[in-house]
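Novice: Can you read through this structure? Questions will come right after.
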Amino acid sequence: MIVNWKAAVTGAIAICMHSTLLAQEVTGNPVASDAELKRVQDRFAFTEGPVADEQGNLYFTDLGNSRIHKLTTDGRLSVVRENTNRANGLAFDDEGRLIACEGGAKRVTAMSPDGSITVLADSYRGKPLNSPNDLWIDDQGGIYFTDPNYGDPANLTQDGEHVYYLPPNGGELRRVVSDMSKPNGIIGTPDNKHIYIADTALQKVFIFDVQEDGSLGPKKDFVDSGSDGLTLDEKGNLYTTWREGVAIYNSAGEQIELIEISPMPTNVAFAGKDHQTLYITARPSVYSIEMAVKGQR
(Lines give C-alpha, C1' and ligand atoms only; values in the text may rest on other atoms or scores of the structure.)
Protein backbone atom coordinates (compact mmCIF):
# COMPACT_ATOMS: atom_id res chain seq x y z
CA MET A 1 0.00 0.00 0.00
CA ILE A 2 1.34 3.43 -0.91
CA VAL A 3 0.64 6.53 1.13
CA ASN A 4 0.80 9.86 -0.74
CA TRP A 5 2.10 13.08 0.82
CA LYS A 6 1.36 16.36 -0.93
CA ALA A 7 2.66 19.90 -0.54
CA ALA A 8 1.26 22.93 -2.37
CA VAL A 9 3.39 25.81 -3.65
CA THR A 10 1.47 28.41 -1.67
CA GLY A 11 2.42 27.21 1.76
CA ALA A 12 3.81 24.58 4.01
CA ILE A 13 1.21 21.81 3.97
CA ALA A 14 1.51 18.65 6.00
CA ILE A 15 -0.74 15.66 5.45
CA CYS A 16 -0.31 13.17 8.24
CA MET A 17 -1.84 9.70 7.87
CA HIS A 18 -0.61 8.46 11.23
CA SER A 19 -2.70 5.33 11.70
CA THR A 20 -2.06 4.03 8.18
CA LEU A 21 1.67 4.58 8.49
CA LEU A 22 1.78 2.81 11.86
CA ALA A 23 0.24 -0.21 10.20
CA GLN A 24 2.82 -0.02 7.42
CA GLU A 25 5.76 0.45 9.81
CA VAL A 26 5.87 -3.31 10.33
CA THR A 27 6.64 -3.81 6.65
CA GLY A 28 9.48 -1.29 6.70
CA ASN A 29 7.89 1.92 5.42
CA PRO A 30 10.81 4.36 5.06
CA VAL A 31 8.67 7.39 6.03
CA ALA A 32 8.40 8.07 9.76
CA SER A 33 5.03 7.31 11.31
CA ASP A 34 4.44 10.93 12.41
CA ALA A 35 6.01 12.54 9.34
CA GLU A 36 4.92 15.94 8.08
CA LEU A 37 6.04 17.37 4.76
CA LYS A 38 7.23 20.93 5.38
CA ARG A 39 8.38 23.73 3.15
CA VAL A 40 11.47 25.01 4.94
CA GLN A 41 12.83 27.56 2.42
CA ASP A 42 11.49 29.29 -0.68
CA ARG A 43 11.80 32.29 -3.05
CA PHE A 44 14.67 30.82 -5.04
CA ALA A 45 14.91 30.72 -8.83
CA PHE A 46 15.50 26.98 -9.30
CA THR A 47 16.83 24.74 -6.53
CA GLU A 48 18.94 21.65 -7.20
CA GLY A 49 21.90 19.56 -6.07
CA PRO A 50 21.18 18.91 -2.34
CA VAL A 51 23.98 17.26 -0.35
CA ALA A 52 24.87 17.02 3.34
CA ASP A 53 28.23 17.55 5.02
CA GLU A 54 29.44 15.34 7.87
CA GLN A 55 27.59 17.45 10.43
CA GLY A 56 24.31 17.11 8.55
CA ASN A 57 24.17 20.67 7.20
CA LEU A 58 22.45 20.86 3.82
CA TYR A 59 24.06 22.47 0.78
CA PHE A 60 22.05 23.12 -2.38
CA THR A 61 22.28 25.13 -5.57
CA ASP A 62 20.09 27.87 -6.99
CA LEU A 63 20.70 27.60 -10.74
CA GLY A 64 18.90 30.76 -11.78
CA ASN A 65 20.88 32.93 -9.38
CA SER A 66 24.15 30.97 -9.71
CA ARG A 67 24.53 30.47 -5.96
CA ILE A 68 25.29 27.67 -3.54
CA HIS A 69 23.44 27.89 -0.22
CA LYS A 70 24.00 26.25 3.14
CA LEU A 71 21.13 25.39 5.49
CA THR A 72 22.45 24.47 8.94
CA THR A 73 20.88 21.83 11.16
CA ASP A 74 19.41 24.63 13.28
CA GLY A 75 17.79 26.30 10.29
CA ARG A 76 20.21 29.14 9.44
CA LEU A 77 20.53 29.92 5.72
CA SER A 78 23.61 31.45 4.12
CA VAL A 79 25.32 31.79 0.72
CA VAL A 80 28.61 29.91 0.49
CA ARG A 81 29.42 30.72 -3.13
CA GLU A 82 28.32 33.29 -5.71
CA ASN A 83 28.81 33.20 -9.50
CA THR A 84 28.74 29.40 -9.70
CA ASN A 85 28.20 29.20 -13.49
CA ARG A 86 24.77 27.65 -12.89
CA ALA A 87 26.17 24.89 -10.69
CA ASN A 88 23.83 21.91 -10.42
CA GLY A 89 24.84 18.63 -8.74
CA LEU A 90 27.03 18.75 -5.62
CA ALA A 91 29.05 16.24 -3.59
CA PHE A 92 31.69 16.33 -0.86
CA ASP A 93 34.96 14.44 -1.29
CA ASP A 94 37.14 12.96 1.47
CA GLU A 95 39.16 16.18 1.66
CA GLY A 96 36.06 18.18 2.53
CA ARG A 97 36.01 19.89 -0.86
CA LEU A 98 32.64 20.70 -2.38
CA ILE A 99 32.56 19.21 -5.89
CA ALA A 100 30.17 20.95 -8.29
CA CYS A 101 28.87 20.33 -11.80
CA GLU A 102 29.07 23.81 -13.32
CA GLY A 103 26.80 23.35 -16.31
CA GLY A 104 27.11 26.95 -17.49
CA ALA A 105 30.89 26.69 -17.70
CA LYS A 106 30.94 23.10 -19.01
CA ARG A 107 33.14 21.88 -16.18
CA VAL A 108 33.41 20.04 -12.86
CA THR A 109 35.16 21.92 -10.07
CA ALA A 110 36.26 21.53 -6.47
CA MET A 111 35.86 24.28 -3.87
CA SER A 112 38.28 23.92 -0.97
CA PRO A 113 37.29 24.95 2.58
CA ASP A 114 39.22 28.21 2.01
CA GLY A 115 37.00 29.02 -1.00
CA SER A 116 39.58 28.40 -3.72
CA ILE A 117 38.30 26.76 -6.92
CA THR A 118 40.09 24.00 -8.84
CA VAL A 119 38.93 22.77 -12.25
CA LEU A 120 38.81 18.96 -12.26
CA ALA A 121 37.38 18.33 -15.75
CA ASP A 122 36.28 20.58 -18.60
CA SER A 123 36.92 18.61 -21.79
CA TYR A 124 37.05 15.16 -23.31
CA ARG A 125 39.41 14.34 -26.17
CA GLY A 126 40.07 18.00 -26.82
CA LYS A 127 36.44 19.15 -26.96
CA PRO A 128 34.49 20.97 -24.20
CA LEU A 129 31.98 19.01 -22.17
CA ASN A 130 28.27 19.66 -22.79
CA SER A 131 26.82 20.65 -19.41
CA PRO A 132 27.85 18.49 -16.41
CA ASN A 133 24.67 17.86 -14.44
CA ASP A 134 25.00 15.44 -11.52
CA LEU A 135 27.71 13.34 -9.90
CA TRP A 136 28.65 10.59 -7.47
CA ILE A 137 32.02 9.94 -5.80
CA ASP A 138 33.15 6.34 -5.22
CA ASP A 139 35.06 5.11 -2.17
CA GLN A 140 38.41 5.60 -3.91
CA GLY A 141 37.69 9.25 -4.70
CA GLY A 142 36.82 8.69 -8.36
CA ILE A 143 34.06 10.93 -9.73
CA TYR A 144 31.25 9.74 -11.99
CA PHE A 145 29.24 12.52 -13.62
CA THR A 146 26.51 12.87 -16.23
CA ASP A 147 26.89 15.29 -19.14
CA PRO A 148 23.56 15.92 -20.89
CA ASN A 149 22.59 18.98 -22.89
CA TYR A 150 19.51 21.07 -22.11
CA GLY A 151 18.25 24.08 -24.02
CA ASP A 152 20.06 25.26 -27.13
CA PRO A 153 21.20 22.31 -29.29
CA ALA A 154 24.22 24.42 -30.27
CA ASN A 155 25.55 23.87 -26.75
CA LEU A 156 26.14 20.20 -27.58
CA THR A 157 29.92 20.18 -27.89
CA GLN A 158 30.45 16.43 -27.54
CA ASP A 159 29.18 13.79 -30.00
CA GLY A 160 26.27 12.94 -27.72
CA GLU A 161 25.14 12.99 -24.10
CA HIS A 162 27.22 10.62 -22.02
CA VAL A 163 28.53 9.62 -18.58
CA TYR A 164 32.16 10.09 -17.53
CA TYR A 165 34.52 8.84 -14.85
CA LEU A 166 37.37 10.91 -13.45
CA PRO A 167 39.76 8.48 -11.71
CA PRO A 168 41.25 9.49 -8.35
CA ASN A 169 44.58 11.29 -8.18
CA GLY A 170 44.14 13.19 -11.42
CA GLY A 171 43.77 10.35 -13.88
CA GLU A 172 42.61 10.94 -17.46
CA LEU A 173 38.86 11.50 -17.92
CA ARG A 174 37.12 8.41 -19.31
CA ARG A 175 33.75 7.97 -20.98
CA VAL A 176 31.97 5.05 -19.29
CA VAL A 177 28.44 5.22 -20.77
CA SER A 178 27.77 6.20 -24.38
CA ASP A 179 24.38 4.60 -25.12
CA MET A 180 21.97 6.81 -23.17
CA SER A 181 19.74 9.57 -24.55
CA LYS A 182 19.89 12.14 -21.73
CA PRO A 183 21.66 10.92 -18.58
CA ASN A 184 20.80 12.98 -15.52
CA GLY A 185 20.64 11.83 -11.88
CA ILE A 186 23.30 9.38 -10.70
CA ILE A 187 23.97 7.53 -7.44
CA GLY A 188 26.12 4.54 -6.51
CA THR A 189 25.74 1.93 -3.79
CA PRO A 190 27.97 2.09 -0.68
CA ASP A 191 29.73 -1.16 -1.64
CA ASN A 192 30.68 0.43 -5.00
CA LYS A 193 29.20 -2.52 -6.89
CA HIS A 194 26.32 -0.77 -8.65
CA ILE A 195 25.39 2.64 -10.05
CA TYR A 196 21.90 3.93 -10.86
CA ILE A 197 21.55 6.50 -13.65
CA ALA A 198 18.34 8.23 -14.73
CA ASP A 199 17.62 8.89 -18.42
CA THR A 200 15.11 11.74 -18.58
CA ALA A 201 14.51 11.40 -22.32
CA LEU A 202 13.66 7.69 -22.13
CA GLN A 203 11.98 8.12 -18.71
CA LYS A 204 13.85 5.17 -17.24
CA VAL A 205 16.32 4.48 -14.47
CA PHE A 206 19.07 2.04 -15.35
CA ILE A 207 21.42 0.07 -13.12
CA PHE A 208 25.04 -0.70 -14.01
CA ASP A 209 27.60 -3.07 -12.51
CA VAL A 210 30.82 -1.31 -11.54
CA GLN A 211 34.01 -3.03 -12.71
CA GLU A 212 37.29 -3.05 -10.78
CA ASP A 213 38.84 -0.45 -13.09
CA GLY A 214 35.90 1.94 -12.66
CA SER A 215 34.27 1.11 -15.99
CA LEU A 216 30.60 0.14 -16.09
CA GLY A 217 28.97 -2.99 -17.42
CA PRO A 218 25.98 -2.92 -19.81
CA LYS A 219 22.97 -0.96 -18.64
CA LYS A 220 19.99 -2.89 -17.29
CA ASP A 221 16.44 -1.65 -16.77
CA PHE A 222 15.61 -0.95 -13.14
CA VAL A 223 12.59 1.35 -13.07
CA ASP A 224 10.29 2.41 -15.92
CA SER A 225 9.94 5.97 -14.73
CA GLY A 226 11.69 9.23 -15.35
CA SER A 227 13.76 10.91 -12.69
CA ASP A 228 15.85 14.02 -12.24
CA GLY A 229 17.92 13.52 -9.07
CA LEU A 230 18.43 10.24 -7.19
CA THR A 231 19.48 9.09 -3.74
CA LEU A 232 19.62 5.91 -1.64
CA ASP A 233 18.83 5.18 1.99
CA GLU A 234 20.63 2.81 4.36
CA LYS A 235 18.25 -0.03 3.41
CA GLY A 236 19.16 0.22 -0.27
CA ASN A 237 15.88 1.87 -1.30
CA LEU A 238 16.17 4.16 -4.34
CA TYR A 239 14.52 7.61 -4.31
CA THR A 240 13.51 9.18 -7.63
CA THR A 241 12.20 12.67 -8.41
CA TRP A 242 9.62 13.04 -11.14
CA ARG A 243 6.26 14.59 -11.97
CA GLU A 244 4.23 12.95 -9.17
CA GLY A 245 6.85 13.60 -6.50
CA VAL A 246 9.46 11.44 -4.78
CA ALA A 247 8.90 7.75 -5.48
CA ILE A 248 10.73 5.17 -3.37
CA TYR A 249 11.68 1.76 -4.78
CA ASN A 250 13.12 -1.24 -2.98
CA SER A 251 16.15 -3.11 -4.30
CA ALA A 252 13.85 -5.27 -6.46
CA GLY A 253 12.53 -2.20 -8.28
CA GLU A 254 9.11 -2.28 -6.60
CA GLN A 255 7.58 1.05 -5.61
CA ILE A 256 6.96 1.06 -1.86
CA GLU A 257 6.11 4.72 -1.23
CA LEU A 258 5.25 7.98 -2.96
CA ILE A 259 5.76 11.41 -1.42
CA GLU A 260 3.58 13.66 -3.56
CA ILE A 261 4.82 17.20 -4.00
CA SER A 262 4.07 20.11 -6.31
CA PRO A 263 5.83 21.67 -8.11
CA MET A 264 7.78 18.77 -9.60
CA PRO A 265 10.86 18.02 -7.45
CA THR A 266 14.34 18.24 -8.93
CA ASN A 267 16.49 16.36 -6.44
CA VAL A 268 16.59 14.78 -3.00
CA ALA A 269 19.10 14.09 -0.20
CA PHE A 270 19.29 13.03 3.44
CA ALA A 271 20.63 15.59 5.93
CA GLY A 272 20.10 16.74 9.53
CA LYS A 273 22.06 15.89 12.68
CA ASP A 274 21.17 12.20 12.39
CA HIS A 275 21.00 12.18 8.55
CA GLN A 276 17.41 11.01 8.89
CA THR A 277 15.64 14.02 7.39
CA LEU A 278 14.87 13.87 3.70
CA TYR A 279 15.27 17.22 1.91
CA ILE A 280 13.60 17.79 -1.45
CA THR A 281 14.47 20.60 -3.85
CA ALA A 282 11.44 21.64 -5.91
CA ARG A 283 11.93 24.61 -8.20
CA PRO A 284 11.57 27.74 -5.96
CA SER A 285 11.46 25.83 -2.67
CA VAL A 286 13.11 23.30 -0.39
CA TYR A 287 10.99 20.81 1.55
CA SER A 288 11.74 18.34 4.32
CA ILE A 289 10.14 15.23 5.78
CA GLU A 290 11.26 13.02 8.66
CA MET A 291 12.12 9.44 7.78
CA ALA A 292 12.26 6.09 9.58
CA VAL A 293 15.59 5.36 7.89
CA LYS A 294 18.87 7.21 7.47
CA GLY A 295 20.51 8.09 4.20
CA GLN A 296 23.34 5.94 2.94
CA ARG A 297 26.74 7.06 4.23
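The values are calculated or read from the model by the stated rules, or taken from the named source; none is laboratory data. This is a predicted model, so every value here is computed, not measured. Quick reminder, even Gly has a Cβ in these numbers, built from the backbone with ideal geometry, and neighbours come from all protein chains shown.
Rundown of residues vs (1) of a type outside the set (A, V, I, L, M, F, W, C); (2) buried (at least 19 other Cβ atoms within 10 Å of the Cβ); (3) touching a Ser or Thr at 6+ places or on another chain (Cβ under 6 Å); (4) closer than 25 Å to ARG107 by Cα, yes/no style:
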| residue | (1), (2), (3), (4) |
| --- | --- |
| PHE46 | no, no, no, yes |
| GLY56 | yes, no, yes, no |
| GLY64 | yes, no, no, yes |
| LYS70 | yes, no, yes, yes |
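Residue-wise test of (1) out of contact with any Pro (no Cβ under 6 Å at 6 or more places or on another chain); (2) closer than 16 Å to ARG107 by Cα.
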| site | (1), (2) |
| --- | --- |
| ASN130 | yes, yes |
| LEU135 | yes, yes |
| ASP138 | yes, no |
| THR146 | no, yes |
| PRO153 | yes, no |
| LEU156 | yes, yes |
| LEU166 | yes, yes |
| GLY170 | yes, yes |
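Novice: Okay, moving on. Within segment 231-278, restricting attention to residues that are of a type in the set (A, V, I, L, M) and in a loop (DSSP other than H, G, I, E, B), which residue is surrounded by the fewest Cβ atoms within 10 Å (Cβ to Cβ)?
Specialist: Among them, the one singled out is ALA252.
Novice: Give, as residue ranges, the strands (runs of 3 or more DSSP E) completely inside segment 168-228 that count at least 3 residues that are touching a strand residue (DSSP E or B) at 6+ places or on another chain (Cβ under 8 Å) and among the hydrophobic types (A, V, I, L, M, F, W, C).
Specialist: So the answer is 194-199, 204-209.
Novice: Further, regarding this structure: GLY151 passes all but one of (1) surrounded by fewer than 22 Cβ atoms within 10 Å (Cβ to Cβ); (2) modelled with pLDDT of 95 or more; which number fails?
Specialist: (2)
Novice: Let me ask another. If I ask for residues that are surrounded by fewer than 20 Cβ atoms within 10 Å (Cβ to Cβ) and either not in a loop (DSSP other than H, G, I, E, B) or not small (Gly, Ala, Ser) (or both), which ones from segment 137-148 would you list?
Specialist: Correct list: ILE137, ASP138, ASP139, GLN140.
Novice: Output the residues belonging to segment 115-130 that are part of a loop (DSSP other than H, G, I, E, B) and under 21 Å from the mean Cα position of the chain (by Cα).
Specialist: ASP122, LEU129, ASN130
Novice: Within segment 57-68, which residues are within 18 Å of the chain's Cα centre (by Cα) and farther than 17 Å from ILE99 by Cα? Let's see the steps before the verdict.
Specialist: Initial filter on segment 57-68 (within 18 Å of the chain's Cα centre (by Cα)): 57-64, 66-68.
Of everything in segment 57-68, just one residue is within 18 Å of the chain's Cα centre (by Cα) and farther than 17 Å from ILE99 by Cα, namely GLY64.
Novice: Right, here's the next one. Can you tell me which residue within segment 72-88, out of those that are touching a Gly at 6+ places or on another chain (Cβ under 8 Å) and not hydroxyl-bearing (Ser, Thr, Tyr), is surrounded by the fewest Cβ atoms within 10 Å (Cβ to Cβ)?
Specialist: Looking at the filtered set, the residue picked out is ASN85.
Novice: I've got another one for you. Please indicate, with yes or no, whether at least one residue in segment 109-128 is buried (at least 16 other Cβ atoms within 10 Å of the Cβ), under 27 Å from PHE206 (Cβ atoms) and of a type in the set (A, V, I, L, M).
Specialist: yes
Novice: Out of (1) outside any strand (DSSP E or B); (2) farther than 23 Å from ALA282 by Cα; (3) not hydrophobic (A, V, I, L, M, F, W, C), what's the single condition that is false for ASN133?
Specialist: So the condition that ASN133 fails would be (2).
Novice: Kindly indicate whether ILE289 is in a strand (DSSP E or B), of a type in the set (A, V, I, L, M) and closer than 30 Å to LYS220 by Cα.
Specialist: Numbers: in a strand (DSSP E or B): yes; of a type in the set (A, V, I, L, M): yes; closer than 30 Å to LYS220 by Cα: no.
So ILE289 does not fit the description; no.
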